[in-house]
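I have placed the structure first, in the form of structure tokens, so that the comments after it can refer back to it.
The values are calculated or read from the model by the stated rules, or taken from the named source; none is laboratory data. Bear in mind that the values here come from a model prediction, so they are computed numbers and not experimental data. Cβ placement follows ideal geometry from the backbone for every residue including glycine, while neighbour counts extend to all protein chains displayed.
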Amino acid sequence: MPAFPLYEPEAPSRAEVEALPGRTLLQFGTDWCGHCRAAQVPVTEALAAHPGLRHLLVEDGPGRPLGRAYGVKLWPTLILLIDGQEKARLVRPTETAAVLQWLATE
């Protein structure tokens, strides 16, 4: 059993993501990526302070349309959506405090 959630290979469409109400955290990466694994601790710790935040881990890579639609270049990339619209982006977070500050974006 993994210590952290796994990235979901079946991603929603961009239209489905844009239709999500409220706050959503999209996290793009892969299970085998070292940067993604390192970021899981600060992201998980920060999410503990935001229990109502929808969190979608989306497997990314060549041929993955959702990551391409959002212009993802590096993993992990975190995108904060509010009512389906991108409000903030964070790439390769390494510290819980930085993720918490970033999640405070309105």
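Pairs meeting the criteria (first residue in the range 12-31 and farther than 16 Å from GLY52 by Cβ, second residue among the charged types (D, E, K, R) and modelled with pLDDT of 95 or more, beta carbons under 7 Å, at least 6 apart or on different chains) are PHE28/ASP60; GLY29/ASP60; THR30/GLU59; THR30/ASP60.
Listed by position, the strands (runs of 3 or more DSSP E) contained in the range 2-94 that have at least 1 residues being touching an Asp or Glu at 6+ places or on another chain (Cβ under 7 Å) and either over 19 Å from THR105 (Cβ atoms) or modelled with pLDDT under 95 (or both) are 23-29, 54-59. Here the range 16-45 is the region considered, the condition is being among the hydrophobic types (A, V, I, L, M, F, W, C) and under 15 Å from ARG89 (Cβ atoms), and the residue that is nearest to the chain's Cα centre (by Cα) is LEU26.
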